[in-house]
Amino acid sequence: MKHAETLLGERAEEWRRMPRCSDEERALAERFYLEQVLPLLELDFVQREHVHLPHPYLGAIVAVGRDPTPALLALATMSPERVHLIYASDAEPAVEQLIARVQPAPTPYDRSRVDEQPILQAYAAARDVHRDWGAPESVAVCLTGGPEALSAGLAMAAHMIGADLFAVEAEEYWPAVGCPRPGSQYLRLLPQPYAAFGDLAQAEAQRAYARGDYNLARELYAQLADKPDGREYRPYRDLAAAYEAWDRFDAYPAGRLLSEVAQALENEPWHPLAPHLPHLRQQADTLTRLAPLMAPDDWASIEALLHQADLVTWLAFSLWHAAERRLRAGRFDLAVLLQYRLLELLVQQRLAARGVDMAAPDYARLDGPDLPAALAERQVRLLERPPSEALPERSSLSNGLLLLHIVGDLLVEDIDWALVRRCLPVRNRSMLAHSFQAPQRIDALAFERLNGPALARFCRIVGTDGGAMEEASRFLHEA
């Protein structure tokens, strides 16, 4: 018995030489191909190509043209459990021939005809089929045979659903019979341009970064950086990681990562981030100074930090920017909490300048009239609430503001007490503090109206350049 490959070559050559002048001769040649050539071609193709499949496939979405051979060879090689055929109307006869030879045969519901807008219809059909199958991971899409627009739609859908993309190609073409030489076909796994070059992942990373989702941006840039040509993405990865850390006010990793970004950019002046090196270096240096002061929780360390006006100003603007990011993201509850902490930080610094720790205040350090009476009077007049009978063991933000008012601190000289009464209870009544209410956008904006002037007054008091600090603490490329 002859080897299948040899026999295939002989019968293919016999088929190629058959006359095709009349309808009867063409029908005889077609029957010879289907009965004598195609079975051997299928056997030879499967034996050669099956071993090259990356893994088994649960489903296959296959384009069918006027010649069913490429689709048949792909399906015979993959042997998927599920099949969906996509074709144009002129391929109806080929689809019927294919169905007759494929086991298990696709049902009428396992096919989609696309005619009017093939690129859109093919894309939608593949997407919907994948969803109806339960979105399995092991799906193949085969392009060969369909019209160009249909194949383009399937190629885009393959990337979207995470399918492997295949084509049946040939090493030799027989123009006389209008098809490849039987036995020269092979199955090719096509690269996904989006995946190969990372264009979509890069765009997604940029969008995540722009909306302040630095953790997702870091993950996506890390995937790009791990590619053989991913050197350019490493500074982006580390920058997103640094801002993700500082967005939750973890100074140590934020400073370390920003220092690494700055070092990388010094060595790579061609990098798109290189023009921003001074900005990033300044942020790295500031965080390096802040980190050891933020870690301890004793009053001496806290006081040491609070006495460094430039660092407190930088922290205050970091809180301001963080609140703005939460506001843009619709997280009004977190925006309110951050604005509350910002005002508390300013009050904390002004009291610390007088040697007073809000957590355990030594009221003897505050000069002025009868302090309990003065505090009680202002609780009624400025905050419109019942007076306290004694000085509190811990100073709340509201009492801290009143204490500064008593000693004549410029931070509260022109403060809008009606706005104070409106804003502070919003934080206290929220689910993230002491109650169950949900702060709204209007609440976060009210806090901005309160804190904006207070922050400007603070900068004047401590002698820092508020505009420069606001810009220096802003995340790179932040709107």
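The values are calculated or read from the model by the stated rules, or taken from the named source; none is laboratory data. Please read these numbers as outputs of a predicted model, since none were measured by experiment. So basically every Cβ, Gly included, is an ideal-geometry build from the backbone, and we count neighbours across all protein chains shown.
Just give me the residues in the stretch 289-310 being among the small types (Gly, Ala, Ser) and assigned to a loop (DSSP other than H, G, I, E, B), in sequence order.
Ala295
State which residue is farthest from Gly355 (Cα to Cα) when the search covers only the stretch 262-301 and only residues that are of a type in the set (Gly, Ala, Ser) and in contact with a Lys or Arg (Cβ under 9 Å, 6 or more places away or on another chain).
If we take residues in the stretch 262-301 being of a type in the set (Gly, Ala, Ser) and in contact with a Lys or Arg (Cβ under 9 Å, 6 or more places away or on another chain), then Ala264 is farthest from Gly355 (Cα to Cα).
With the structure loaded, tell me whether Val420 is in a helix (DSSP H, G or I), surrounded by fewer than 14 Cβ atoms within 10 Å (Cβ to Cβ), at pLDDT 95 or above and aliphatic (A, V, I, L, M) or whether it fails that test.
The answer is no for Val420.
In the stretch 268-288, what residues are charged (D, E, K, R) and in a helix (DSSP H, G or I)?
Arg281, Asp285
Gly162 is checked against (1) at pLDDT 90 or above; (2) more than 18 Å from Pro118 (Cβ to Cβ); (3) under 36 Å from the mean Cα position of the chain (by Cα); (4) surrounded by fewer than 19 Cβ atoms within 10 Å (Cβ to Cβ) and fails just one. What number does that condition carry?
Looking at each condition in turn, Gly162 falls short on (1).
Residues that are under 39 Å from the mean Cα position of the chain (by Cα): list the helices (runs of 4 or more DSSP H) wholly contained in the stretch 1-84 that include at least 3 such residues.
69-78
Looking at the stretch 316-349, which of the residues that are aliphatic (A, V, I, L, M) and touching a Ser or Thr at 6+ places or on another chain (Cβ under 8 Å) is nearest to Gly452 (Cα to Cα)?
Among those residues, the one meeting the criterion is Val336.
Kindly establish whether Trp314 is in contact (Cβ under 8 Å) with a residue 40 or more places away in the chain, closer than 21 Å to Leu410 by Cβ and among the aromatic types (Phe, Trp, Tyr).
In short, yes.
Let's see how each residue does on (1) among the polar types (S, T, N, Q); (2) farther than 16 Å from Met294 by Cβ:
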site: Leu216; (1), (2): no, yes
site: Leu224; (1), (2): no, yes
site: Pro228; (1), (2): no, yes
site: Gly255; (1), (2): no, no
site: Ser259; (1), (2): yes, yes
site: Ala264; (1), (2): no, yes
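Step by step: first the residues of the stretch 222-249, then only those that are touching a Gly at 6+ places or on another chain (Cβ under 9 Å) and hydroxyl-bearing (Ser, Thr, Tyr), then the one that is surrounded by the fewest Cβ atoms within 10 Å (Cβ to Cβ). Which residue is that?
That would be Tyr233.
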